[in-house]
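J.: First, the structure itself, so that you have it in front of you.
The values are calculated or read from the model by the stated rules, or taken from the named source; none is laboratory data. Remember, it's a predicted structure, so these values are computed and weren't measured experimentally. For neighbour counting, all protein chains shown are included, and Cβ atoms are generated from backbone atoms with ideal geometry for every residue, glycine included.
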Amino acid sequence: MLNLYDKIETAAAKIRESFPTPLHAGIILGTGLGGLAERIDVKASFNYEEIPNFPESTALSHRGRLVCGILEDLPVVAMEGRFHQYEGYSLQQITLPVRVMKALGAELLIVSQAVGGMNPYYNSGDVMIIDDHINMMGDNPLVGVNDDRLGPRFPDMCAPYDAKLIEKGLEIARQQNFAAHKGVVVAVTGPNLETRAEYRFLRAIGADVVGMSTVPEVIVAVHCGMRVFGVSVITDMCLPDALEPADVEKIIAIAGAAEPKLRALVTGVLAYEAAKPR
Amino acid sequence: MVFQRSQIEEVANHIRAAWKPNPRVGIVLGSGLGASVESMDVEVEFEYGDLPHFPRSTAVGHRGRLLAGELAGLPVIAMQGRFHLYEGYTPQQVTFPIRVMRGLGADLLIVCNAAGGLHSTYAAGDIMAIDDHINMMFQNPLIGINDDRLGPRFPDMSSPYDPALIQQVMQIAREHDFTCHRGVYIGMLGPNYETRAEYRFLRRFGGHVVGMSTVPEVLAAVHAGMRVLGLSMIANVATPDNLAATSGAEVVAVADRAANKVATIIHGIISQFGAELQERAGH
């Protein structure tokens, strides 16, 4: 982790050249959720390969572009497409963009992902505001010698997701009249979808939804002292006693259809942030 | 792992050159528990940095040296400071010192740790004799080609922690009038502390305490045919429904206060082990 600091600085310097404004928030857009980037008043944008030390996105429906600009009067960057453990990246590589966001001044991470719903009261197309997570990826982005300039050796995880923003998210959903749950996401490596036995297990350990991302980014955001707002979009229901084969095209279509809800939540949370007295 | 055996021999020879006795007991001390071997008559100290093939300890509250000497009448070797997976070491590196202890002749491993209490009746500063463990580290020090001279391909884990030693620990705690629980240790990779959802999961699935060490060392010790005693010092109580932030410094402070209980147990166990060895030699 000791050479990580220099990697972060190099990547941040490249972005600052075109977009010097200190950020308020960094946004990560998950599978099929890239549409939000259209709302940003874009000041600069980079393909990932243009940014030093950024890996290239290989996942389906992920564009691999970093958009810098203004959203709800706040300077933000948004990642259209993220990196996943199942693509073969190390968790340190996956989470580098979060550290770069922090280096650029972001105090808030907004993270979204497409997930499978395991809580039977959820429906495909619903959104869930993440209240907490379970890391079942078998790895951790903080493994290695700790660089105290980046964060503490043993970060606390008693409240990784900002409680005020969770409440705000639920309020926005009520006002806009769509269902938003508050629940627990479990992260697994993938890339295969889970077996029925695995869904039963993950449900039994306390998770409402299951995904293949987000947790590494959140662990790193907490490590570097950022507040976090996380949204899961339920793109298919994973009920082990009535399981149907997953259809990736359908998942992406449902994510696209649910995207306006994510858009409302993200812009609403940012508007709330912008209105907060400094 | 075949490659590792010559390295074990090399370190063992390095230690033997400075310290002749064959240690009967290996001790691994946890976060802030260094004082637990204060009654040890230290004859030789080895800084990890001076030992070939030894990684260096980077964790808070860990000193990073191997103490060789006598404790309760027996030659022992004690690690002040251990290696953790979260530091980036491989499980083979983490357990390398256990192999060296075994190579020097130790047939008993006493392994200590500072852990988070999950069980609702545990209090900070309590001691728990480890009855069993759950490996949630997603790693195993025995992965690779097995060297049959070090241990079997498929070691049994039906009873990794010696039940007779656990009984002795409970007896010692009663005699010295302090609380000692008996329970299950869950080994996590770390380095972050657990989320509330993770604490609930671990508690519900049979964990009494949770920590970031011990399991790899015990796997290697059982593989190598050692008897194992595990002691957890409850550094803080994780109460997921009323959770407060945990800091590394806090863990070290509670450990300081509980170190004398661990010292009492270690001393008592080694005394009884020495008596057993004498009895066996007498017959």
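J.: Out of B:ASN13, B:ASN22, report the one residue that is of a type in the set (S, T, N, Q), modelled with pLDDT of 90 or more and in contact with a strand residue (DSSP E or B) (Cβ under 7 Å, 6 or more places away or on another chain).
T.: Checking each option against the conditions leaves just B:ASN22.
The rows are residues; the columns are (1) within 14 Å of another protein chain (Cβ to nearest Cβ); (2) without any contact (Cβ under 8 Å) to a residue 40 or more places away in the chain; (3) within 17 Å of B:GLU194 (Cα to Cα).
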{"site": "A:LEU96", "(1), (2), (3)": "no, no, no"}
{"site": "A:GLN113", "(1), (2), (3)": "no, no, no"}
{"site": "A:MET118", "(1), (2), (3)": "yes, no, no"}
{"site": "A:HIS133", "(1), (2), (3)": "yes, no, yes"}
{"site": "A:MET136", "(1), (2), (3)": "yes, no, yes"}
{"site": "A:VAL145", "(1), (2), (3)": "yes, no, no"}
{"site": "A:GLY151", "(1), (2), (3)": "yes, no, yes"}
{"site": "A:PRO155", "(1), (2), (3)": "yes, no, yes"}
{"site": "A:CYS158", "(1), (2), (3)": "yes, yes, yes"}
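J.: Just one of A:ALA253, A:ALA264, A:ALA271, A:ALA258 is in contact (Cβ under 8 Å) with a residue 12 or more places away in the chain, within 15 Å of A:VAL209 (Cβ to Cβ) and among the aliphatic types (A, V, I, L, M); which is it?
T.: Of A:ALA253, A:ALA264, A:ALA271, A:ALA258, the one residue that is in contact (Cβ under 8 Å) with a residue 12 or more places away in the chain, within 15 Å of A:VAL209 (Cβ to Cβ) and among the aliphatic types (A, V, I, L, M) is A:ALA258.
J.: Only one of these is more than 11 Å from chain A (Cβ to nearest Cβ), assigned to a helix (DSSP H, G or I) and of a type outside the set (Lys, Arg): B:ILE265, B:ILE234. Name it.
T.: B:ILE265
J.: Please enumerate the residues belonging to segment A:120-131 that are away from every other protein chain (no Cβ under 14 Å) and either of a type in the set (Asp, Glu) or in a loop (DSSP other than H, G, I, E, B) (or both).
T.: If the condition is that a residue be away from every other protein chain (no Cβ under 14 Å) and either of a type in the set (Asp, Glu) or in a loop (DSSP other than H, G, I, E, B) (or both), then A:PRO120, A:TYR121, A:TYR122, A:ASN123, A:SER124, A:GLY125, A:ASP126 are the ones that fit.
J.: With respect to A:PRO260, is the statement that it is within 23 Å of A:GLY32 (Cα to Cα), in a helix (DSSP H, G or I) and either at pLDDT 95 or above or among the aromatic types (Phe, Trp, Tyr) (or both) true?
T.: no
J.: Taking the criterion of being in contact with a strand residue (DSSP E or B) (Cβ under 6 Å, 6 or more places away or on another chain) and within 14 Å of chain B (Cβ to nearest Cβ), would at least one residue in segment A:166-180 satisfy it?
T.: yes
J.: With A:GLY225, A:GLY206, A:GLY190 as the choices, which residue is surrounded by fewer than 23 Cβ atoms within 10 Å (Cβ to Cβ), within 11 Å of chain B (Cβ to nearest Cβ) and assigned to a loop (DSSP other than H, G, I, E, B)?
T.: Of the residues listed, the single one that is surrounded by fewer than 23 Cβ atoms within 10 Å (Cβ to Cβ), within 11 Å of chain B (Cβ to nearest Cβ) and assigned to a loop (DSSP other than H, G, I, E, B) is A:GLY206.
J.: In segment B:184-196, which residue that is surrounded by fewer than 24 Cβ atoms within 10 Å (Cβ to Cβ) and either more than 25 Å from A:ASN140 (Cβ to Cβ) or aliphatic (A, V, I, L, M) (or both) is nearest to the other protein chains (Cβ to nearest Cβ)?
T.: Step by step, filter segment B:184-196, then rank; the result is B:LEU189.
J.: If you don't mind, another one. Are there any pairs, at least 6 apart or on different chains, whose C-beta atoms fall under 9 Å, with the first in segment B:135-148 and within 11 Å of chain A (Cβ to nearest Cβ) and the second among the polar types (S, T, N, Q), and if so, which?
T.: B:GLN139/B:THR90
A quick yes/no check of all residues on (1) over 21 Å from A:GLY169 (Cα atoms); (2) in a loop (DSSP other than H, G, I, E, B):
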residue: A:GLU56; (1), (2): yes, yes
residue: A:GLY69; (1), (2): yes, no
residue: A:PRO75; (1), (2): no, no
residue: A:VAL98; (1), (2): yes, no
residue: A:ILE110; (1), (2): no, no
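J.: Kindly evaluate B:PRO160 against the criterion of being assigned to a loop (DSSP other than H, G, I, E, B), away from every other protein chain (no Cβ under 14 Å) and either of a type outside the set (Ser, Thr, Tyr) or surrounded by fewer than 16 Cβ atoms within 10 Å (Cβ to Cβ) (or both).
T.: Yes, satisfied.
J.: Just one of the numbered conditions (1) more than 9 Å from chain B (Cβ to nearest Cβ); (2) within 22 Å of A:GLN85 (Cα to Cα); (3) surrounded by fewer than 23 Cβ atoms within 10 Å (Cβ to Cβ); (4) in contact (Cβ under 8 Å) with a residue 24 or more places away in the chain is not true of A:PRO216; which one?
T.: (3)
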